[in-house]
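Written below as structure tokens is the structure these notes are about.
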Amino acid sequence: MSANTQLLVFFLDGQRYALPLGVVERIVRAAEVTPLPQAPQIVLGALDVAGTVLPVLNVRRRFRLPEREIRPSDQFLIARAGDRPVALAIDAAAEVLELSPVQFVAASAVAPGLEHVQGVARMSDGLILIHDLETFLSLDEAAALDRAVRATEEVLNGA
């Protein structure tokens, strides 16, 4: 990282995580998630956001955090995982912060082979894990998600 980067910081179980602000589209209030048959386990279901149906990804499961039901106080972070818009179920969005190159530690420097993580932000009050949405879904998970979305669309369209 050669220049300052903006991050959107969010909470899961009291721990801070972040995404590069450039991949974030918006934050919306929690709503009912519709199950998506045949979707990979990392997908909680689907959500209608302003007329667009998005897969809801289970960040807790990906990072081996305790599972829990979505609460009315939770939020969905709408972001882009590659060319795919997705919703991440989070406890709460916290802030946008500016990260200098000195504060950034690449994932490979922390633990070689660390998956789904771009790096770590070293802040005066602790560390923040920075997600890498480009690698959040494996190729198999992305393919399974595509099949599940197509199957659901066919049912909805009466095919």
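The values are calculated or read from the model by the stated rules, or taken from the named source; none is laboratory data. Everything numeric in this text was worked out from a predicted model, so none of it was measured. Note that each Cβ is placed from the backbone with ideal geometry, even for glycine, and that neighbours are counted across all protein chains shown. Accessible surface is based on the protein model in full, side chains and every heavy atom, while ligands, DNA and RNA are left aside. Shrake-Rupley method; radii C 1.70, N 1.55, O 1.52, S 1.80 Å.
Could you go through the range 16-27 and let me know if any residue there is within 15 Å of Asp132 (Cα to Cα), β-branched (Val, Ile, Thr) and touching a strand residue (DSSP E or B) at 6+ places or on another chain (Cβ under 7 Å). Yes. Being without any contact (Cβ under 8 Å) to a residue 12 or more places away in the chain and open to solvent by 80 Å² or more (accessible area, probe 1.4 Å) is a property that holds for Pro35.
Residues in the range 1-49 that are at positive phi and touching a Lys or Arg at 6+ places or on another chain (Cβ under 9 Å): Asp13, Gln38.
Scan the helices (runs of 4 or more DSSP H) fully inside the range 41-159 and keep the ones with 1 or more residues being open to solvent by less than 40 Å² (accessible area, probe 1.4 Å) and modelled with pLDDT of 80 or more.
59-62, 139-156
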